[in-house]
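Data block below; observations after.
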């Protein structure tokens, strides 16, 4: 039997840790049955495609720039924005909703805010008068 080296011990420990983390992630991501009997996330009530906590639409001028937010239609980036689209001067601002409910954008990625309106305002502040360029879709 080969002697247990430090490298083998660390490799075995890392493998066990990875297996344990993988099992934990699977457990946390397991669907939960709702009161309606449908499997899904606890905050969803079986209405496919409709987020019950969707922010209200907005349309305003902020620091001379027109900012808008509304539920996304077919062409918008629905994956990360949770079905919500934000625009600055009619150019879509790529936004993402974080797991904790905060919002970030491609312009202010490291400064999460509480609403899509706040993310649009933060983008306008960060742009400092520069035009927002369209974000290429993957």
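Each reported figure results from applying straightforward, stated rules to the coordinates on display, with no laboratory input. Bear in mind that the values here come from a model prediction, so they are computed numbers and not experimental data. Note that we place each Cβ from the backbone using ideal geometry, even for glycine, and neighbour counts take in every protein chain shown.
For the reader, a short list of remarks on this structure follows.
- By average C-beta atoms within 10 angstrom, highest first, the peptides 89-101, 55-67: 89-101, 55-67
- In this rough spin-label picture, where each label sits 7 Å from Cα along the Cβ direction, the residue 91-residue 115 distance is 2.5 nm.
- Rounded, prolate or oblate (a/c below 1.5 giving rounded, otherwise prolate when a/b exceeds b/c) for the stretch 58-127 by Cα gyration tensor: oblate
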